[in-house]
Amino acid sequence: MTVAPAAERFNRSEWASAFRNVEQELTDVALQPVRGSVPSELLGTLYRNGPGLLERNGQRVHHPFDGDGMITAIQFNAEGVSLTNRFVRTAGWQAEEAAGKVLYRGVFGSQKPGGPLANAFDLRLKNIANTGVVQLGDQLLALWEAAEPHALDPRTLETHGISLLGGVLKKGEAFSAHPRFDPGHHSRPRMVTFGVNTGPRSTIRLMEFATEDDSAAGIKAGDLLSDRRDSFNGFAFLHDFAITPNWAVFLQNAIDFNPLPFVLGRKGAAQCLQSKQNGQAKFWLIPRDSGAFAGQSPRIVDAPEGFVFHHLNAWEQEGDVVVESIYYSDFPSIGPDVDFAAVDFDLIPEGLLEQCRINLESATVQTTRLSERCCEFAMVNPVKEGLPCRFAWMAAAAREQGNDPLQVVKKLDLVSGERQIWSAVPHGFVSEPLMVPRHGASAEDDGWVLELVWNGDREGSDLVILDAADLRELAVFELPLAIPHGLHGSWVDAS
């Protein structure tokens, strides 16, 4: 198959133009659509997190994932739509703001000035709060998985500081940036999340929090409902997991970690990861304390080859546990001498959606490829989290096969394989789509998809609202803020 050169497939300069500092913080700026109108039932707040500061004092981060976190909130109410954004005032951000220069190394390879000698043996990690954002009780949490969350005011985005969640966490304890929300499989909805302590033997702390007040039971949103720890052999690099009513499902990628280049100041910690030759990936299935197997030991099953950052969903069927994940053929990384804005997409493995059916009795796995199109950031209707789903929404490449920047939103019928596409080509580059179900809807795809798009033509960000059923464009906003390519977001319904 002949593949067109990258220059003919997408405009690299327009894609790369998103890698810039956010230069302003806005408060309740009114927005008007340039096309279409907002559905009257869409009421709530869209929160997005991602790196907002990619350069300081002329020194650019080596990888965007090392950029300081910035939260954007777009509020939909009866009066209209408005936007607020704030940098998370972490201790590291404040120190570097005061100094006017880079003071910390980054996990993904960013270095302090001065070369290896200046970076050697400085093992401090700056909590950059740049990966996820969720509301838990009356706190908005900015998440970065190597340390504690930062608490913000959900309305003003003012940073209150590090949150130990009422004493649940210890100072410096890892807390996932990718929680899952159980819609109510067991009596009440919950936020399920984890922290991981890695090493030759790794320990996962699985936690479940109430997301709603229950005065009769004496429970408030944010209360810890269950807490367990399990240890496993081997190094664990875990960003995401999946849940079913009875299980929390983790995939231990077959990864080696050699910390010596990090200690000696030559690489970031994440650059010291590489696929383990002849290694065996494992599924770790931890029984949830709210489920039918509470108190039992975890199940460990050999997993297919490949590397996974993100899962789509999981569910149970006739004793099997089915997990849908985005698989890469190898661990995708950017070396110390590679400019992230000039990365060769043809040399990086693409992410492909696959289904693994885990038979717990025989400890075997059957794998099915669900799509050949490169994709990331996939989700199902949140009301169906942990249950069999018919539809999924994801960011994807414009072409049918091969790796490119994400430029389309794809809706996939997981049963028939039928797909629908909304395209931002040629100038637009998409991020994680968020599916918001309509209140009281009976159809799984009745709702909306909210998509933040980098518009390379005007070097700014657009918010696009799509009909979740057919990806019909309902409204487009040209935002007064240029938001770099981001990571994860969430939707909070109006109370």
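The values are calculated or read from the model by the stated rules, or taken from the named source; none is laboratory data. Small disclaimer: the values here were computed from a predicted structure and weren't measured. Cβ atoms come from the backbone with ideal geometry, glycine included; neighbour counts cover every protein chain shown.
Tabulated data
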{"item": "Every residue from the stretch 358-402 that is within 30 Å of W15 (Cα to Cα), within 21 Å of the chain's Cα centre (by Cα) and acidic (D, E)", "result": "E376"}
{"item": "Residue list for the stretch 13-62, restricted to those being outside any loop (DSSP other than H, G, I, E, B), in contact (Cβ under 8 Å) with a residue 60 or more places away in the chain and closer than 21 Å to A342 by Cβ", "result": "S13, E14, W15, A16, G50, P51"}
{"item": "First in the stretch 320-341 and touching a residue at least 40 places away in the same chain (Cβ under 8 Å), second anywhere and assigned to a loop (DSSP other than H, G, I, E, B) and aromatic (F, W, Y), Cβ under 8 Å, 6 or more apart", "result": "I334/F108; F340/F19; A341/F19"}
{"item": "Residues of the stretch 1-30 satisfying the condition of being over 24 Å from L406 (Cβ atoms) and surrounded by 11 or more Cβ atoms within 10 Å (Cβ to Cβ)", "result": "E25, L26, T27, D28, V29"}
{"item": "Qualifying residues in the stretch 395-411 (those that are out of contact with any Leu (no Cβ under 7 Å at 6 or more places or on another chain) and assigned to a strand (DSSP E or B)) - the one surrounded by the most Cβ atoms within 10 Å (Cβ to Cβ)", "result": "L406"}
{"item": "Residue match in the stretch 138-160 (condition: crowded, with 19+ Cβ neighbours inside 10 Å and among the hydroxyl-bearing types (S, T, Y))", "result": "yes"}
{"item": "Every pair of residues 6+ apart whose Cβ atoms lie under 7 Å, when the first sits in the stretch 106-123 and is closer than 14 Å to H62 by Cα while the second is of a type in the set (V, I, T)", "result": "G106/V61; S110/V61; K112/V102; P113/V102"}
{"item": "Residue within the stretch 121-130 that is touching a Ser or Thr at 6+ places or on another chain (Cβ under 6 Å) and either surrounded by 20 or more Cβ atoms within 10 Å (Cβ to Cβ) or closer than 30 Å to F209 by Cα (or both) present", "result": "yes"}
{"item": "Unique residue being within 30 Å of W93 (Cα to Cα), within 21 Å of the chain's Cα centre (by Cα) and at pLDDT below 95 when the list is T193, T198", "result": "T198"}
{"item": "Residue count for the stretch 161-198, restricted to those that are surrounded by fewer than 18 Cβ atoms within 10 Å (Cβ to Cβ) and on the phi > 0 side of the Ramachandran plot", "result": "6"}
{"item": "Filtered residues of the stretch 100-149 (kept if closer than 29 Å to G489 by Cα and aromatic (F, W, Y))", "result": "Y104, F108, W144"}
{"item": "Restricting the stretch 337-349 to residues that are in a loop (DSSP other than H, G, I, E, B) and not aliphatic (A, V, I, L, M), the residue that is farthest from F19 (Cα to Cα)", "result": "P349"}
{"item": "Matching entry among I326, I334, I300 (being under 21 Å from the mean Cα position of the chain (by Cα) and assigned to a strand (DSSP E or B))", "result": "I326"}
{"item": "Scan of the stretch 237-263 for residues that are of a type in the set (A, V, I, L, M), modelled with pLDDT of 90 or more and in a strand (DSSP E or B), ordered by number", "result": "A242, I243, A248, V249, L251"}
{"item": "Strands (runs of 3 or more DSSP E) wholly inside the stretch 116-223 containing at least 3 residues that are in contact with a Pro (Cβ under 8 Å, 6 or more places away or on another chain) and closer than 22 Å to L434 by Cβ", "result": "132-136, 139-143, 190-197"}
{"item": "Members of the stretch 257-276 that are in contact with a Lys or Arg (Cβ under 8 Å, 6 or more places away or on another chain) and either surrounded by fewer than 16 Cβ atoms within 10 Å (Cβ to Cβ) or among the polar types (S, T, N, Q) (or both)", "result": "P261"}
{"item": "Count of the stretch 443-484 residues which are in a loop (DSSP other than H, G, I, E, B) and either under 13 Å from L42 (Cα atoms) or modelled with pLDDT under 95 (or both)", "result": "2"}
{"item": "Options E400, E432, E444: the member that is among the charged types (D, E, K, R) and more than 26 Å from L474 (Cβ to Cβ)", "result": "E400"}
{"item": "Count of residues meeting criterion [free of Cβ contacts under 8 Å to residues at least 12 places away in the same chain and within 15 Å of N127 (Cβ to Cβ)] in the stretch 63-96", "result": "2"}
{"item": "Residues of the stretch 63-72 classified as assigned to a strand (DSSP E or B) and touching a Pro at 6+ places or on another chain (Cβ under 8 Å), total", "result": "3"}
{"item": "Search result, residues across the stretch 264-297 that are of a type in the set (D, E, K, R), at pLDDT 95 or above and assigned to a loop (DSSP other than H, G, I, E, B)", "result": "R288, D289"}
{"item": "Test: residue in the stretch 382-389 that is surrounded by 15 or more Cβ atoms within 10 Å (Cβ to Cβ), assigned to a strand (DSSP E or B) and modelled with pLDDT of 95 or more", "result": "no"}
